[in-house]
Amino acid sequence: MLRSILRITLLALVAVLPRPLTAQSAEAIDFHKRFEKRCFSCHGHSGPFMREHLTIDASGTLVTGTGQPLETFLLRHAGGLDATESPLFLSVFRKQVETGGLFREKCIVCHDRAYEMARLDLILRDGQVTGRYSNRNIGEFLLTHGRLTPAEAERMTDVFFALLHGRR
Ligand code: HEC
Ligand code: HEC
């Protein structure tokens, strides 16, 4: 009797648990959906591709391998990006380049890709990157986790924020 009550309670709980996708804002979902549809077949996942091919030049502009501003390049490439896609794609790519290999260098031994981590473990609460289940303030947590300098911790938190928020 007790067992079956427990079982039913558990099943009910599982049914009402939020699905991982709710961790993402509409915009983040939008980016990944659009990238997958428009770019993935030729380039694979955007993080590794963009980190390998793009750089930020001395004036702070995101440029392609030939030094052309990415924004200009993407006007024509693969059918071009429309007015909503362009700022969204550019800001996500910039964040991906800015993290450099930081996540790969210091976190990937223990964690999945940053995007997966954000998607599965993190959530924005009151504009703060927060542990979905732990309810931790991740900005504070990273000051003493993963051997990051305070500046790196801030950058990493920004990256999670951008991944969750889909922009900036
Ligand atoms: C049909 C295949 C195809 C699709 C789809 C495609 N690309 Fe490309 N992409 C290429 C090829 C081939 C190159 C290298 C030749 C060139 O520069 O045009 C390239 C180059 C690039 C570069 C420059 C890399 C460098 O070395 O500077 C970027 C950035 C890029 N693509 C982004 C995108 C984005 C963003 C999308 C989706 C909107 C996309 N691509 C869709 C085939 C594709
Ligand atoms: C040596 C293994 C290891 C490394 C390296 C590591 N982590 Fe972790 N990380 C863990 C473990 C284990 C936990 C769970 C700890 C806990 O919940 O108390 C965790 C928890 C976290 C959490 C909290 C998730 C939540 O739900 O509260 C974040 C965010 C995180 N790690 C990010 C990073 C980042 C970013 C890096 C790289 C800079 C990193 N970690 C490097 C092992 C590691």
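The values are calculated or read from the model by the stated rules, or taken from the named source; none is laboratory data. All of these numbers come straight from a predicted model, not from anything done at the bench. Backbone-built Cβ (ideal geometry, glycine too); neighbour counts: all protein chains shown. Heads up: the accessible areas ignore ligands, DNA and RNA and are worked out on the full protein's heavy atoms, side chains in. Shrake-Rupley method; radii C 1.70, N 1.55, O 1.52, S 1.80 Å.
For the reader, a short list of remarks on this structure follows.
- Charge dipole of segment 23-165 (Cα centre as origin; +1 on each Lys and Arg Cβ, -1 on each Asp and Glu Cβ, all else neutral): 280 debye, rounded to the nearest 20.
- Between the residues Ile108, Thr72, Ser59, the greatest Cα displacement towards the positive end of the dipole of segment 23-165, with unit charges on the Cβ of Lys, Arg, Asp and Glu, is found for Ile108.
- Segment 23-165: relative contact order as a whole-number percent, Cα under 8 Å and 6+ apart: 27
- Net charge, Thr55 excluded, C-beta distance under 15 Å - Lys, Arg +1, Asp, Glu -1: -1
- With both labels modelled 7 Å from their Cα along Cα-to-Cβ, the Arg76 to Ser41 distance reads 2.2 nm.
- A simple spin-label model places pseudo-atoms 7 Å from Cα toward Cβ; at Thr61 and Thr149 they are separated by 2.8 nm.
- The residue among Phe160, Phe49, Gln96 whose Cα reaches farthest toward the positive pole of the charge dipole of segment 23-165, with charges on the beta-carbon of Lys, Arg, Asp and Glu, is Phe49.
- With DNA, RNA and ligands ignored, accessible area of Thr66 (1.4 Å probe; Å², nearest 10): 120
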